[in-house]
Amino acid sequence: ELEHLSEEMDKVVSLPLPPDIKIVKLIYTHLSLIKDVVKRNGSLRAEFFSDINLVEKARRKFDLEEISALRSILREGMEKGVFHIDHLNLTADVIHYAVKGIEVPFMFDRLGEGLSMEDSVGVVERLLQRSLGATIPSDNS
């Protein structure tokens, strides 16, 4: 399953999108894929909470690949003058761990109560653009 997740993340990195849009797409792809994996593997729900160390060990390769994907998008954004960040690696780590932190609320539809998925994407997009010092607003925001 995790190999499939990594392949899907690689597809997002390769999309011909502006970096500020691509990073949001990567985040929502991550959240949607994790939600789908948990839904398909119902027993994973119990295991997910009961042995977090086992889950973290199993996820480590995927997590490192995702951090690499985030770095790639951030680097692209910096090179194109879209993102203005102080430290690429730390920024990628913070985004990665923030996304991991909202997986469970996302899975159980507890994220942005009363907000449609479409509306939440716009909010997250603008939040990231401001956080990353984006100077080229995308057409979607």
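All of the numbers you see were taken from the coordinates with simple rules; none came from a lab. Just so you know, these numbers come straight off a predicted model, no measurement behind them. Cβ coordinates were reconstructed from backbone atoms using ideal geometry, including for glycine residues, and neighbour counts include every protein chain displayed.
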Task: Unit charges at the beta carbon, dipole of the chain: most positive-side option, 53, 32, 121 - done: 53
Task: Per-residue HN-Hα couplings for the stretch 89-104 [Karplus 6.51, -1.76, 1.60; θ = phi - 60°; Hz; x = Gly/Pro] - done: 5, 5, 4, 4, 4, 4, 4, 4, 6, 5, 5, 4, x, 9, 4, 5
- [ ] Work out from phi, with θ = phi - 60° and the Karplus expression 6.51 cos²θ - 1.76 cosθ + 1.60, the ³J(HN,Hα) of each residue of the stretch 66-77, listed in order in whole Hz, and give x for Gly and Pro.
- [x] 5, 4, 4, 5, 4, 4, 4, 5, 5, 4, 4, x
Open item on the list: What do you get for chymotrypsin sites (Phe, Trp or Tyr not before Pro) in the stretch 89-130 restricted to DSSP loop and a cutoff of at most 15 other Cβ within 10 Å of the site's Cβ?
Closed with: 108
Open item on the list: Could you check the spin-label model distance between residue 111 and residue 94? Points 7 Å from the Cα along Cα→Cβ, value in nm.
Closed with: 1.9
Open item on the list: I want to check a number: in the stretch 2-131, how many lysine pairs have alpha carbons closer than 14 Å, given a sequence separation of 8 or more or different chains?
Closed with: 4
TODO: Round to the nearest 10 and give me the degree value, 0 to 90, for the angle of helix 117-131's Cα axis relative to the longest principal axis of the chain.
DONE: 50
- [ ] Determine Rg/Rh for the chain; Rg is computed over alpha-carbon atoms and Rh is the Kirkwood hydrodynamic estimate from the same atoms.
- [x] 0.97
